[in-house]
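This report refers to the structure that appears directly beneath it.
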Amino acid sequence: METLRDILDAAARGVFPPPDGRTTVVPQASERDAGVLAFTAHAVVFTDEDPRWVLDTLAAVPCDALAAPMNPRFLTALLDRTGRTAENVDAMLVGAPLPGEPPLPLEEITDGDHPRIVYARNRRDDVRAWTTDGGVLVMGRGIAGRPEVSVEIGEGVRHRGLGRALVAAARHLATEPLWAQVAPGNARSMRAFLAAGYRPVGSEALLLSATAGSTGCSRSRS
């Protein structure tokens, strides 16, 4: 049986689930992370709940079958059943690692109590963070252990290309495909990631465990 990480690794290579209108249900890779991924005409639900319940609930959603996995009624049913919370339905993007040094100076944060590191540890493992003038870059391992990136830009330095430079720098720090989740309404962040060479591959609804907490904002904050 294909694992969630198998599916993600293949998508990073440009190999996607078949566009057959079906939904694949796979176990969670960790207790922390459950959710739904939507690719072109194929969805993946990663949960430790009964797969038959997932498929029956999807079939009962009053909408086009292709839209059902991301339909609010299904997501609400899944949240209620699992006792989890959710923030956004995000766009999933991925960028290949790049050789050489990052294109801007970065200083790694060594203070483990830094607010950005504390926040990221609720969502990711092996968290590392760097600062540059006006911004913070955070990387760690999220869903199924995949490397993920997020950035935070100070209000006073926006509209200067710093977000794009930071997410591009992350690709130089990575040794394997690097993932990002961006709220579709966050056009500024989406433009930064696209300009830095990240490719959109699908959408994602992450169901947060009670220990992860919820802030009501996307993890990609550039």
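The values are calculated or read from the model by the stated rules, or taken from the named source; none is laboratory data. Remember, predicted model here, so these are calculated numbers, not experimental data. Glycine also receives a Cβ, built like all others from the backbone with ideal geometry; neighbour counts cover every protein chain displayed. Calculation scope for accessible area: heavy atoms of the full protein, side chains included, ligands and nucleic acids excluded. Shrake-Rupley method; radii C 1.70, N 1.55, O 1.52, S 1.80 Å.
Kindly state which strands (runs of 3 or more DSSP E) lie completely within segment 30-110 and contain at least 2 residues that are touching a Leu at 6+ places or on another chain (Cβ under 7 Å) and open to solvent by 70 Å² or more (accessible area, probe 1.4 Å).
On the way: elements: 33-39, 42-46, 85-95.
Result: empty, no element qualifies.
Could you tell me whether segment 144-165 includes any residue that is open to solvent by 40 Å² or more (accessible area, probe 1.4 Å), closer than 30 Å to P27 by Cβ and polar (S, T, N, Q)?
There is no residue in segment 144-165 that is open to solvent by 40 Å² or more (accessible area, probe 1.4 Å), closer than 30 Å to P27 by Cβ and polar (S, T, N, Q).
Would you confirm, using the coordinates I've provided, whether R52 is farther than 30 Å from A168 by Cα and of a type in the set (K, R)? Outline the logic, then answer.
Values: farther than 30 Å from A168 by Cα: yes; of a type in the set (K, R): yes.
Criteria met by R52.
Show the residue pairs that are 6+ apart or on different chains and have beta-carbon atoms under 9 Å apart, the first residue being within segment 88-117 and among the hydroxyl-bearing types (S, T, Y), the second being loosely packed, with under 14 Cβ neighbours inside 10 Å.
Within 9 Å, no pair qualifies.
Of the residues that sit in segment 5-29 and are within 16 Å of P69 (Cα to Cα) and touching a Phe, Trp or Tyr at 6+ places or on another chain (Cβ under 6 Å), which one is least open to solvent (accessible area, probe 1.4 Å)?
Restricting to residues being within 16 Å of P69 (Cα to Cα) and touching a Phe, Trp or Tyr at 6+ places or on another chain (Cβ under 6 Å), the top hit is V26.
If E176 satisfies all but one of (1) surrounded by 14 or more Cβ atoms within 10 Å (Cβ to Cβ); (2) modelled with pLDDT of 95 or more; (3) at negative phi, what's the number of the condition it fails?
That leaves (1) as the condition not met.
From the list A183, A169, A174, exactly one residue is hydrophobic (A, V, I, L, M, F, W, C) and touching a helix residue (DSSP H, G or I) at 6+ places or on another chain (Cβ under 8 Å). Which is it? Can you show your working first?
Values: A169 fails: touching a helix residue (DSSP H, G or I) at 6+ places or on another chain (Cβ under 8 Å); A174 fails: touching a helix residue (DSSP H, G or I) at 6+ places or on another chain (Cβ under 8 Å).
Only one candidate qualifies: A183.
Run T76 past the list (1) in contact (Cβ under 8 Å) with a residue 40 or more places away in the chain; (2) hydroxyl-bearing (S, T, Y); (3) out of contact with any helix residue (DSSP H, G or I) (no Cβ under 8 Å at 6 or more places or on another chain) and report the number of the one that doesn't hold.
It fails just one condition, (1).
Within segment 45-61, identify whether any single residue is of a type outside the set (V, I, T) and within 21 Å of W179 (Cβ to Cβ), and answer yes or no.
Yes, there is a match, as at least one residue in segment 45-61 is of a type outside the set (V, I, T) and within 21 Å of W179 (Cβ to Cβ).
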